[in-house]
Amino acid sequence: MKTKSMPLACLSILFLAFSNLTAQEGKISGYMFGDYFYEFSHPDPAIDTMNRNGFQFRRIYFTYDRELSESFAVRFRLEINSPNFGRNDQLVPYVKHAYLSWKNLIPEGKLYFGLSNTPTFLLSDEIWGYRSVEKTIMDLRGIASSADFGVALEGKFTSSGVLNYHLLLANGAGTRGETDANKRLYLSVPIKMQKAYFVVPYVDYESGNDGRGKNLLALFAGMQKPNFHGGLEVFQKINNEALPNNADRTEFGLSIFGAVKTSEKIKLLGRFDIFDPNTDLDDDGNTFIIAGLDFAPEKNVNLIPNIKIESYQQDGRNSNTVGALTLFFRF
């Protein structure tokens, strides 16, 4: 067997093994989304002439959850993504989540050990609801990973569930292995009102060698109702002594998004982002616009035609415009 085929063979064995489990032993779930895309314009002239287009799976999740007892549970999740355009690679799975959870270790709290969700954009991603179309702004710009390896504590400050917390001490390497002695501390304090309105103050700090740590502050405010969901997210990340002259580099981002239900099976969605990778420079920022229509022929199937336009502040640089017909389905 060829070496590059091993991950897919392992995945097939896992699938066959899990498929023999009864419902009492655990739960198998997942989702897939992919699309046909066409790139209408690209800022790099050499790439622009390629007329890039194709079919792709941008995410496949295969998840196994099992309750071990009233207090303990485990999750194992694999993720698979199509390679970028121009790379002749196979779809290769990797571990996205793998953790043990301990419920009620403290009142109204849960402890996680392993590779689990970070709190950075967990709620904003849920309210946006269209990861199938695009990542939320901090995920898209690489400000933080959606998962990290460490120890997390999540729960409620009050039994009403209005004031909550999610604290994580982790490697800071995402789903990859640790490479240094530095660690990242994440903290969000979600405020949930009337089960429809949300405000999430967020902060994290990652230590670095020679004082080159990183500080991230963010705030999300949103709402989720039967006929509308949307929100506003803003962040500032300071990378200490990250520039050649040992000056700090500050990143800034703002995202406004929403989706409105126009009929039983149709929603209109839109988003507008501003991102500046270095606030001390005048011509390195960009804006990002998403518009789309979500048609749901069945409960767990969504067909979403959409267009994404990224425009650049730099003079003479063309926009990057991509149209897609996205299919999202759950199982």
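Numbers for the structure displayed
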quantity: Residues located in the range 149-199, provided they are touching a residue at least 60 places away in the same chain (Cβ under 8 Å) and of a type in the set (Ser, Thr, Tyr); calculated: 175, 186, 188
quantity: Residues (within 18 Å of residue 166 (Cα to Cα), in a loop (DSSP other than H, G, I, E, B) and of a type outside the set (Ser, Thr, Tyr)) located in the range 118-135; calculated: 119, 121
quantity: Residue selected from the range 281-301 under the condition among the charged types (D, E, K, R) and not in a strand (DSSP E or B), by the criterion farthest from residue 141 (Cα to Cα); calculated: 299
quantity: Residue among 105, 78, 115 that alone is farther than 24 Å from residue 305 by Cβ and outside any strand (DSSP E or B); calculated: 105
quantity: Enumeration of residues in the range 215-245 that are farther than 24 Å from residue 201 by Cα and in contact with a helix residue (DSSP H, G or I) (Cβ under 9 Å, 6 or more places away or on another chain); calculated: 241
quantity: Tabulated pairs, the range 86-98, first over 15 Å from residue 54 (Cβ atoms), second among the polar types (S, T, N, Q), C-beta under 7 angstrom, 6+ apart or interchain; calculated: 94/175; 95/175; 96/175; 97/116
quantity: Where residue 47 falls short, out of the listed (1) surrounded by 15 or more Cβ atoms within 10 Å (Cβ to Cβ); (2) hydrophobic (A, V, I, L, M, F, W, C); (3) in a strand (DSSP E or B); calculated: (3)
quantity: One residue from 86, 150, 142 being in contact with a strand residue (DSSP E or B) (Cβ under 8 Å, 6 or more places away or on another chain) and either at positive phi or not in a loop (DSSP other than H, G, I, E, B) (or both); calculated: 150
quantity: Residue match in the range 225-232 (condition: part of a strand (DSSP E or B) and modelled with pLDDT under 95); calculated: no
quantity: Selection within the range 188-224 - under 30 Å from residue 266 (Cβ atoms), of a type in the set (Gly, Ala, Ser) and not in a strand (DSSP E or B); calculated: 196
quantity: Single residue of the range 263-321 satisfying the filter (small (Gly, Ala, Ser) and under 20 Å from the mean Cα position of the chain (by Cα)) that is surrounded by the most Cβ atoms within 10 Å (Cβ to Cβ); calculated: 292
quantity: Residue check for residue 127: crowded, with 17+ Cβ neighbours inside 10 Å, under 24 Å from residue 306 (Cα atoms), among the β-branched types (Val, Ile, Thr) and touching a His at 6+ places or on another chain (Cβ under 7 Å); calculated: yes
quantity: Odd one out for residue 250 among (1) assigned to a strand (DSSP E or B); (2) over 24 Å from residue 206 (Cβ atoms); (3) of a type in the set (S, T, N, Q); (4) in contact with a strand residue (DSSP E or B) (Cβ under 6 Å, 6 or more places away or on another chain); calculated: (2)
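The values are calculated or read from the model by the stated rules, or taken from the named source; none is laboratory data. Since the model is a prediction, treat every value here as computed from it, not as a measurement. For neighbour counting, all protein chains shown are included, and Cβ atoms are generated from backbone atoms with ideal geometry for every residue, glycine included.
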